[in-house]
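Reading through the structure tokens given below for one structure.
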Amino acid sequence: MKRITVLLSVAVAAIAIVAVQAGAASSGTADLTNPKHFFWGVGQAPASDPTTSLQNDLIYHGGSGGPGTIGVQTKPAVYLVYWGTEWAQGFTTADSDGTLYSSRTLQNYVNSFVGNVGGSPYAGIQTQYCNGVLPGSTSCVGGTGFVTNPKHQLKGVWTDPTPVPSDIVALGLAENLVDDPIAMEAQRASGHFGYDPNATYVIITPPTEIATGQPVYCGYHTQTTSIDGLGNPFRLEYAFIPWQNTNWPGLGQGCGFHNVNANSTSFGNGVFDSWSIVIGHEYAEAVTDPDNFFSFQDGWNDDQTSENGDKCAWIDTQNIALGGHQFAVQPLWSNESFDATGNGCVVSR
């Protein structure tokens, strides 16, 4: 436990240092940074008022935060990228009882989840949000540009066998437009699949690489940006999903390991609960609050900048049925439900 405590202290201190440095930047590409919207591990979120968070609606912020902004993804799409030599070669990971699961089983679990979430009542929660209402709105009644919920939102899967850098510079609350390796991999993915402004490119790394700052966060979503020809060629939404299971020794449930299912199945329930919880969280937030331009989130988030996943994080996690299988998820925030019943955290619409 002492080692873990030190690790966390160092990581949190590093977050503070990077945040200060980002705020103090005054010249060159250091100015061209975007924050990352983190999904914190159990018990690791910065201090906030959960009572307030659960007692207010998401607010639309106008969808006007810079070039290429869209406010919401009106036709959501997802591309999965398994980045690293290990994914290409295959590996095993141990459950809490020592049972080994193959990387292929994990990939099948993740692919099945993302491949079947489109068209589901779970993804339907997002269809109440839109980009055709006035800034400050908490409802899309009479609005336009709604999030839709088509089936088959998983548009492609790529195992990129190129090695992951030994030091993934992913902790910083700011994104370097030039050399952030996660952003660069997202750009490579858009080159591989093609560019879609309504898509989220999900980058998943193998167990041998621990992102700077773990074990503190479970994932994040953000965007790349181009300003006056500097940085990336276009705005691109991406999510980073670091290895979930073995990077959390001694931290209990961490990112959701066995969070819903105490006993594992051959399909991966239990041992891979965290993967559907975290990917579902990042997917939902990327759809409803995709733009993240110079610390300005211009989609749907509340007065504390919490998004639809944040407001219900680690609350009433449960299984939902998708494509004939069960998957662990967290509820998502619904303004409609909160306004009607006082409970905004739901798993269907």
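The values are calculated or read from the model by the stated rules, or taken from the named source; none is laboratory data. Computed from a prediction, not measured in an experiment: that's the story for all the values here. Cβ sites come from the backbone with ideal geometry, for glycine too, and all protein chains shown count toward neighbours. Accessible surface areas use protein heavy atoms only, side chains included; no ligands, DNA or RNA. Shrake-Rupley method; radii C 1.70, N 1.55, O 1.52, S 1.80 Å.
Screening Val329 on (1) over 21 Å from Lys75 (Cβ atoms); (2) modelled with pLDDT under 95 shows it passes everything except condition (2). So which residues in the stretch 234-271 are in a loop (DSSP other than H, G, I, E, B), modelled with pLDDT under 85, more than 16 Å from Thr93 (Cα to Cα) and open to solvent by 10 Å² or more (accessible area, probe 1.4 Å)? Of everything in the stretch 234-271, those that are in a loop (DSSP other than H, G, I, E, B), modelled with pLDDT under 85, more than 16 Å from Thr93 (Cα to Cα) and open to solvent by 10 Å² or more (accessible area, probe 1.4 Å) turn out to be Gly250, Leu251, Gly252, Gln253. Of everything in the stretch 115-130 that is within 22 Å of His325 (Cβ to Cβ) and either polar (S, T, N, Q) or touching a His at 6+ places or on another chain (Cβ under 7 Å) (or both), the residue that is most open to solvent (accessible area, probe 1.4 Å) is Asn116. Put simply, of Gly124, Gly136, Gly119 the only residue that is assigned to a loop (DSSP other than H, G, I, E, B) and closer than 30 Å to Asn263 by Cβ is Gly119.
Remark: pairs (first residue in the stretch 251-265, within 15 Å of Ile320 (Cβ to Cβ) and among the hydroxyl-bearing types (Ser, Thr, Tyr); second residue at pLDDT below 90 and open to solvent by 30 Å² or more (accessible area, probe 1.4 Å); Cβ separation under 9 Å; 6+ apart in sequence or on different chains) are absent. Go through the residues of the stretch 289-310 one by one and say whether even a single one is part of a helix (DSSP H, G or I), at pLDDT below 95 and buried (at least 22 other Cβ atoms within 10 Å of the Cβ). Scanning the stretch 289-310, I find at least one residue that is part of a helix (DSSP H, G or I), at pLDDT below 95 and buried (at least 22 other Cβ atoms within 10 Å of the Cβ), so the answer is yes.
Among the residues making up the stretch 146-163, those that are open to solvent by 60 Å² or more (accessible area, probe 1.4 Å) and touching a Gly at 6+ places or on another chain (Cβ under 7 Å) are Lys151, His152, Pro163. Checked against (1) under 18 Å from Tyr201 (Cα atoms); (2) hydroxyl-bearing (Ser, Thr, Tyr); (3) open to solvent by 40 Å² or more (accessible area, probe 1.4 Å), Ser112 meets all criteria but (3). When the criteria are applied in full, Asp339 fails the requirement of being in a loop (DSSP other than H, G, I, E, B) and open to solvent by 70 Å² or more (accessible area, probe 1.4 Å). Of all residues in the stretch 65-95, those satisfying the criterion of being crowded, with 19+ Cβ neighbours inside 10 Å and part of a strand (DSSP E or B) are Ala77, Val78, Tyr79, Leu80, Val81, Tyr82, Trp83, Thr93.
When you scan the stretch 198-218, do you find a residue that is of a type in the set (Gly, Ala, Ser) and at pLDDT 95 or above, even just one? Yes - at least one qualifying residue is present in the stretch 198-218. Would you call Ala47 surrounded by fewer than 20 Cβ atoms within 10 Å (Cβ to Cβ), more than 17 Å from the chain's Cα centre (by Cα) and either assigned to a helix (DSSP H, G or I) or modelled with pLDDT of 80 or more (or both)? Answer is no for this residue. Tally up the residues in the stretch 308-334 that are on the phi > 0 side of the Ramachandran plot and charged (D, E, K, R), please. Qualifying residue count for the region: 1.
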